[in-house]
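Here the structure is laid out as structure tokens; the discussion comes afterwards.
The values are calculated or read from the model by the stated rules, or taken from the named source; none is laboratory data. Owing to the predicted nature of the structure, the values given are computational and were not obtained by experimental measurement. For neighbour counting, all protein chains shown are included, and Cβ atoms are generated from backbone atoms with ideal geometry for every residue, glycine included.
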Amino acid sequence: MALAEAILVCLTDRPMSGYDLAKNFDASIGFFWRASHQQIYRELGKLRDKGLVESQEISQSGKPNRIVHTITKKGQTALRNWSKKPNRMPSLKDELLAKFYALEHMDIDALKDQLTVRIDQHKTKLSQFHKIKERHYDGKTLNKNQTGKLFVLEMGIKNEARQIEELQTLMMRISNLSE
């Protein structure tokens, strides 16, 4: 997925400023797609130039003017066309896992510490996902967009739980090596 499509996906919810988009990105689509605020602002300009997004300046007293971006019909068509394209398998780049390929040359205690940190990171993310699900989806009637977001969230929950389980198993196995 290109950043342009990720931004258009976010704008299907509602018109947003670049700042709102960046915050929204971090708290939603950012769980599986990373982009800096600078990248988002730069891409918004390109989307506007292509006619996929319209931007409106809104005056604010005591603050800089706010520019709100809205997806256009052309942008919606671009999203629909993008949905028809085949997806590539995502690449995995994980420095921690690469260290296990030369396990004999690694500091086992340091790897155990790193595994502990990684497990805690996945537990934190899993907790965040559960809170999002509870707050926004549990017991509610959902429209099609909300249902799609729930599907992705549930996949994220399962993935984080699986990661924790696999890393805990790895921790046990590496602990047995050092005995």
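Here are the numbers for this structure:
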| item | result |
| --- | --- |
| Within the stretch 65-85, tally of residues that are free of Cβ contacts under 8 Å to residues at least 12 places away in the same chain and of a type in the set (D, E, K, R) | 4 |
| Filter pass, residue 80 being in a helix (DSSP H, G or I), over 19 Å from the mean Cα position of the chain (by Cα) and farther than 27 Å from residue 151 by Cβ | no |
| Boolean, residue 79 is in contact with a Leu (Cβ under 8 Å, 6 or more places away or on another chain), closer than 18 Å to residue 33 by Cα and assigned by TED's automatic domain parsing to the domain that holds residue 50 | yes |
| Single residue of 99, 73 found to be basic (Lys, Arg), at pLDDT 95 or above and at negative phi | 73 |
| Only one of 13, 26 that is modelled with pLDDT of 85 or more, closer than 22 Å to residue 156 by Cβ and either assigned to a loop (DSSP other than H, G, I, E, B) or not assigned by TED's automatic domain parsing to the domain that holds residue 127 (or both) | 13 |
| Filtered residue count, the stretch 90-111, keeping only those that are assigned to a helix (DSSP H, G or I), of a type outside the set (D, E, K, R) and surrounded by 10 or more Cβ atoms within 10 Å (Cβ to Cβ) | 7 |
| Which numbered condition residue 152 misses (of (1) touching a Phe, Trp or Tyr at 6+ places or on another chain (Cβ under 8 Å); (2) free of Cβ contacts under 8 Å to residues at least 40 places away in the same chain) | (2) |
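Results for (1) touching a Phe, Trp or Tyr at 6+ places or on another chain (Cβ under 9 Å); (2) surrounded by 14 or more Cβ atoms within 10 Å (Cβ to Cβ), shown as yes or no for each residue.
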residue: 3; (1), (2): yes, yes
residue: 21; (1), (2): yes, yes
residue: 24; (1), (2): no, yes
residue: 39; (1), (2): no, yes
residue: 44; (1), (2): no, yes
residue: 47; (1), (2): no, yes
residue: 51; (1), (2): no, no
